[in-house]
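Take a look at the structure below.
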Amino acid sequence: MNTQIRDVDSHPITAPIVIDNDTFSKNFSGLTTGAEPNTGYAPETAGALMSPAFTAVSRELTVEEALAQVRAQARKSANIYTIYVVGPNNRLDGVISLRELMIAEPNRLVAAVMTHPAMCVTTDTDQERVVRVFQELDSISVPVVNEYQQLVGIVTVDDALDVQADEATEDLYFQGGLAATVGKERERSELMVR
């Protein structure tokens, strides 16, 4: 196994890593037993919430090369304003905004202009914790890594807001004595009309 890891580490990523939802579902669904069927991750976790459509570039690229790659993949990514920087074996090394990338000197390496991410979450991070991360940061997306610190997806602020709204609604139903019907919209509606 160590030989395989060394082989992977010796080949830097030279293209952005963008995986659309169909490809992700076809190739990665069901990797974890007991998880939601279409994501391979437990319900109500960052893994289940994340989008696999993100843009990442190798730290070994020049700014000019990175911009060309981001431009080529822009239509397939959920967010091109935040570009994740990966090192060997797709490990999350840093982040750079599209603005920062555009104003950087074209011949500089991405590694020289990137910043380290302020915070990332793991695939098993509870979705409520993900919402708190967004409350602490001023960001439109948060990177999601696996147990090897490999970048596997992003959670967008839109998804975090949906979770926050769902949790607030759940709390209201609980306070209103409708806790037994949380998640059962039809029953909840019937009880409220009576």
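On the given criteria, is Asn89 part of a loop (DSSP other than H, G, I, E, B) and touching a strand residue (DSSP E or B) at 6+ places or on another chain (Cβ under 7 Å)? It is false that Asn89 is part of a loop (DSSP other than H, G, I, E, B) and touching a strand residue (DSSP E or B) at 6+ places or on another chain (Cβ under 7 Å). Of all residues in segment 89-96, none satisfies being at pLDDT below 95 and loosely packed, with under 14 Cβ neighbours inside 10 Å.
Every condition in (1) at positive phi; (2) open to solvent by 20 Å² or more (accessible area, probe 1.4 Å) holds for Thr62 except the one numbered (1).
If only residues of segment 95-116 that are among the small types (Gly, Ala, Ser) and outside any strand (DSSP E or B) are counted, the one that is farthest from the chain's Cα centre (by Cα) is Ala104. Restricting the first member to segment 134-160 and to residues that are open to solvent by 80 Å² or more (accessible area, probe 1.4 Å), and the second to residues that are among the small types (Gly, Ala, Ser), no beta-carbon pair is closer than 8 Å while six or more apart or on different chains. The set of residues in segment 117-133 being in a loop (DSSP other than H, G, I, E, B), open to solvent by 50 Å² or more (accessible area, probe 1.4 Å) and farther than 30 Å from Thr62 by Cβ consists of Asp124 alone. What pairs come out if I take residues in segment 47-59 that are β-branched (Val, Ile, Thr) and pair them with residues that are open to solvent by 10 Å² or more (accessible area, probe 1.4 Å) and assigned to a strand (DSSP E or B) whose C-beta lies under 9 Å away, six or more apart or interchain? Taking only residues 6 or more apart or on different chains, the pairs are Thr55/Thr82.
The values are calculated or read from the model by the stated rules, or taken from the named source; none is laboratory data. These figures come from a predicted structure and were not determined experimentally. Because the Cβ atoms are built from the backbone with ideal geometry, glycine has one as well, and the counts that use them run over all protein chains shown. Please note that ligands, DNA and RNA were not included when accessible areas were found on the heavy atoms of the full protein model with its side chains. Shrake-Rupley method; radii C 1.70, N 1.55, O 1.52, S 1.80 Å.
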